[in-house]
1. Any idea how many residues of the range 60-77 are under 17 Å from Glu108 (Cβ atoms) and open to solvent by less than 10 Å² (accessible area, probe 1.4 Å)?
2. Taking the range 97-121, which residues are open to solvent by 90 Å² or more (accessible area, probe 1.4 Å) and at pLDDT below 90?
3. Exactly one of these conditions fails for Asp30: (1) surrounded by fewer than 15 Cβ atoms within 10 Å (Cβ to Cβ); (2) among the charged types (D, E, K, R); (3) modelled with pLDDT of 60 or more. Give me its number.
4. If you go through the range 35-84 one residue at a time, how many are assigned to a helix (DSSP H, G or I) and at pLDDT below 90?
Amino acid sequence: SSGINAEWPLRPGEDIEKAKVLLARIYQDDSRSNQQGQEGEPTEQFDIPEDKCGLVIGSRGSKIREIQSDTGVGVNVGSRDTAVGGMIKVTLRGDKGGCDEAKKIIMELISDSDKRTERSW
């Protein structure tokens, strides 16, 4: 399944976020094969800050599953070891309307977290 095994096993003390990303990717690989209209080329790709990928994935993949369920779009967040310049690629697969909605949800998630941290005084 898409080269995931090369990243295992995680050593003690490695980033928990990396484990979340790997588990979410395994889950996505399984779910994508069961959904129609999500094969082939990505419909949309964009980058998010590496430190925000946990927000998009959620606890044990809960947020990414919610986004996929709400929009009908396959969402794949790249793993931290693929980050370029502190940014990680998000790939959306599905119809254009669903991809637009998924991107909007993700962008709101990561911008809301910025607003919260700015006002932590």
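The values are calculated or read from the model by the stated rules, or taken from the named source; none is laboratory data. Being a predicted model, the structure only gives us computed values, none of them experimental. Note that each Cβ is placed from the backbone with ideal geometry, even for glycine, and that neighbours are counted across all protein chains shown. Only protein heavy atoms, including side chains, enter the accessible area calculation; ligands, DNA and RNA are left aside. Shrake-Rupley method; radii C 1.70, N 1.55, O 1.52, S 1.80 Å.
1. Looking only at that region, the number is 5.
2. Lys115, Arg116, Thr117, Glu118, Arg119, Ser120, Trp121
3. Evaluating Asp30 over (1) surrounded by fewer than 15 Cβ atoms within 10 Å (Cβ to Cβ); (2) among the charged types (D, E, K, R); (3) modelled with pLDDT of 60 or more leaves (3) as the failure.
4. Pass one, the range 35-84, residues assigned to a helix (DSSP H, G or I): 50-57, 59-71, 80-82.
Next, from what is left, pick out any that are at pLDDT below 90: 80-82.
Total meeting the criteria: 3.
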